[in-house]
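**Student:** Quick one: this structure, given as structure tokens, is what I'll be asking you about.
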Amino acid sequence: MNGKIETKSLFIMTEIFLGVFFLPVGNPRFDNAVLESLRLVKGYAQEHVLLCLVPAFFIAAAISVICLADKKESDNENNTKKHL
């Protein structure tokens, strides 16, 4: 059983090595494609932060303020009932 796992992992490592070894680095079309994909990821990450994460933080802050206000209100009601 252990030999089967080792053989599979050796095969996977060999495939990854051969895939990286035969990459057409230096070919302008390949290099341009890699750089362009990295630029797209960078742009996506920047837009995602501005368009998704910032509004999500504002919504989370608003929800926490509402929950905190409800908790204080219920605590005040409980305190007034105890004093009566």
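**Student:** Picking from 3, 19, 26, 43, which residue would you name as being without any contact (Cβ under 8 Å) to a residue 40 or more places away in the chain and surrounded by 10 or more Cβ atoms within 10 Å (Cβ to Cβ)?
**Tutor:** Values: 3 fails: surrounded by 10 or more Cβ atoms within 10 Å (Cβ to Cβ); 19 fails: surrounded by 10 or more Cβ atoms within 10 Å (Cβ to Cβ); 26 fails: surrounded by 10 or more Cβ atoms within 10 Å (Cβ to Cβ).
Only one candidate passes the filter, namely 43.
**Student:** Now a separate question. Considering 60, 69, 33, 56, which residue is part of a helix (DSSP H, G or I), at pLDDT below 85, among the aliphatic types (A, V, I, L, M) and out of contact with any strand residue (DSSP E or B) (no Cβ under 6 Å at 6 or more places or on another chain)?
**Tutor:** Values: 60 fails: at pLDDT below 85; 33 fails: at pLDDT below 85; 56 fails: at pLDDT below 85.
Only one candidate passes the filter, namely 69.
The values are calculated or read from the model by the stated rules, or taken from the named source; none is laboratory data. Everything quoted here is computed from the prediction, not taken from an experiment. Quick reminder, even Gly has a Cβ in these numbers, built from the backbone with ideal geometry, and neighbours come from all protein chains shown.
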